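These notes are about the structure you will find just below.
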Ligand code: FES
């Protein structure tokens, strides 16, 4: 082997070594950054799971408030959030679960909270009212019906999912 061939070979070896080490170091820096940026996007959307709320036998024709906890994932931060629903058995036999969040400015509504309108949901903040189905009463501040929770009954238990706009559940 000539000396010239030997020099070229060493240069190539150095090139390969530096490229390999450089690539390895670049991957070590880029991979955690890429994972940090993409992981929350690739993860399953938080709060999509149905949560057991109550036994169906405890649901009556009169709206009753039930509190339940949902797991919330924000990036890598996991926590539990308490939610509420006004649940009742509709004349049709369906179980309805309404969000208690007023569609005016977000206060919490109560069933029968206004003595003058005992069979309605009442928001004490600005006097907003909704009928039993959660439809906003004309002439009161809310401009939309209460949101409705996605619901499912399994083995005598009511499960609730996300609250969606009325008619969109
Ligand atoms: S927040 Fe409910 S009426 Fe205004």
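Nothing in this text is a laboratory measurement; each read-out follows from the coordinates by a stated rule. For clarity, every value in this text was computed on a predicted model and none was experimentally measured. With ideal geometry, Cβ positions are generated from the backbone for all residues, glycine too; neighbour counts draw on all protein chains shown.
By how many degrees, 0 to 90 and rounded to 10, does the Cα axis of helix 3-42 deviate from the longest principal axis of the chain? For helix 3-42, the angle is close to 10 degrees. Its convex hull of Cα atoms gives the chain a direction-averaged projected area, equal to a quarter of the hull surface, of 16.9 nm².
Please find the FRET efficiency linking residue 77 to residue 125, where r is the Cβ-Cβ separation and R0 is fixed at 25 Å, and quote it to the nearest 0.05. Show your work: numbers first, answer last.
Details: r = 30 Å, r/R0 = 1.21.
Here the calculated transfer efficiency is 0.25.
If you run the Gaussian network model on the chain, springs between alpha carbon atoms under 10 Å, then out of 94, 49, 147 the most flexible one is 94.
Going by neighbour counts of Cβ atoms within 10 Å, the residues 90, 117, 166 line up, fewest first, as 90, 117, 166. Estimated from helical segments only, the mean residue ellipticity of the chain at 222 nm is -8500 deg cm²/dmol, where each DSSP H run of four or more residues counts as -39500 (n - 2.57). Among 81, 62, 91, which one shows the highest mean-square fluctuation when the chain is modelled as a Gaussian network with alpha-carbon springs under 10 Å? So, out of 81, 62, 91, the one fluctuating most is 91. Using Cα springs under 10 Å in a Gaussian network model of the chain, which residue among 63, 142, 118 shows the largest mean-square fluctuation? Among 63, 142, 118, the largest GNM mean-square fluctuation belongs to 118.
Between residue 14 and residue 117, the simple label model (points 7 Å from Cα in the Cβ direction) yields a spacing of 8.5 nm.
Using Cβ contacts closer than 10 Å as the measure, can you line up 123, 102, 107 from fewest to most? The partial results should precede the final answer.
On the way: 123 27, 102 24, 107 15.
Going from sparsest to densest Cβ surroundings: 107, 102, 123.
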